[in-house]
Amino acid sequence: MKNVKKQQSALLKKLKRKLDKERFMHTLGVAYTGASLAMNYRVDIQKAFLAGLLHDCAKCIPNKKKLSLCRECGLAVTASEDKNPFMLHAKLGAHFASHKYGIKDKEICSAILFHTTGRPRMSMLEKIIFVADYIEPGRDKAQNLEEIRTLSFWDIDAAVEKICYDTLVYLEDAKKEIDTMTRETYEYYHELNKNKNGGKP
């Protein structure tokens, strides 16, 4: 336990230097919300906390630099990401978690990688960080937030579907770029939840 606390303390110090104040507060919110969801779903609490701490570790890097760093690190960049390099922070963050912050646990790195878009067939840890990023206490602008916060603790698959749906509606209304993975995630969890409910949406 002492080693875990030392690791967390060291990461917090590093992140406080790398992130602006607002992003650092959000990071703490995601880490503690992720840990709470992990307790609820009997998932490794320390993994959830670490994934939450590092999920936005590349967020405050300027967008042009995100693009150049991805290329330097040999990370694939889609045409959509090339046009909208702000979308690269999760991919770059997962790489940094492994190569700069010493996280060798693949599940933690995967939770960081998919925390913005989700993916079909997510692990429970991936779902926890995806949801925690959306519902942490500092969030206050998304529609249906209180409903999703409640839903997250008793049916996380339904929460994932609702988050994806509301995200797609927002992006379509705002005429913003939609990552195809977000749509695939919504479609997968929509079907999954429909089947769980006996075919009812």
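Since every read-out is calculated from the coordinates, none of them should be taken as a lab result. This is a predicted model, so every value here is computed, not measured. A quick note on method: Cβ atoms are made from the backbone with ideal geometry, for glycine too, and the neighbour counts reach across all protein chains shown.
Please state the charge dipole magnitude for segment 99-193, taken about the Cα centre, from unit charges on C-beta atoms (+1 on K and R, -1 on D and E), reported in debye and rounded to the nearest 20.
Using Cβ point charges on Lys, Arg, Asp and Glu, segment 99-193 gives about 420 debye.
Taking 7 Å along the Cα-to-C-beta vector as the label spot, tell me the Asn84-Gln46 distance in nanometres, rounded to one decimal.
The answer from the label model is 3.8 nm.
When only Cα pairs under 8 Å and 6 or more residues apart are kept, what is the percent relative contact order across segment 2-140?
27 percent
At 7 Å along Cα-to-Cβ for each site, give me the label-to-label distance between Glu177 and Arg23 in nm.
Label-label distance for Glu177 and Arg23, simple model: 1.7 nm.
By Kyte-Doolittle mean hydropathy of at least -1.0 and Cα axial length of at least 18 Å, which whole DSSP H helices of the chain are selected?
On the way: long enough: 2-18 (24 Å, -1.51); 21-41 (30 Å, -0.02); 156-173 (25 Å, 0.36); 180-196 (24 Å, -1.96).
Going by DSSP H runs, the hits are 21-41, 156-173.
For Lys6, go through the lysines and keep the ones whose alpha-carbon is under 16 Å away, minus same-chain ones fewer than eight residues off.
Output for Lys6: Lys14, Lys16, Lys47.
Structure shown: which of Lys21/Lys196; Lys106/Lys175; Lys66/Lys162 lie over 31 Å apart, alpha-carbon to alpha-carbon?
Lys21/Lys196; Lys106/Lys175
What order do you get for 11-17, 43-49 when each peptide is scored by the mean count of other beta carbon atoms within 10 Å, highest first?
Ranking, from highest mean packing down: 43-49, 11-17.
Among Ile61, Ile135, what is the fewest-to-most ranking by other Cβ atoms within 10 Å?
Going from least to most buried by this count: Ile61, Ile135.
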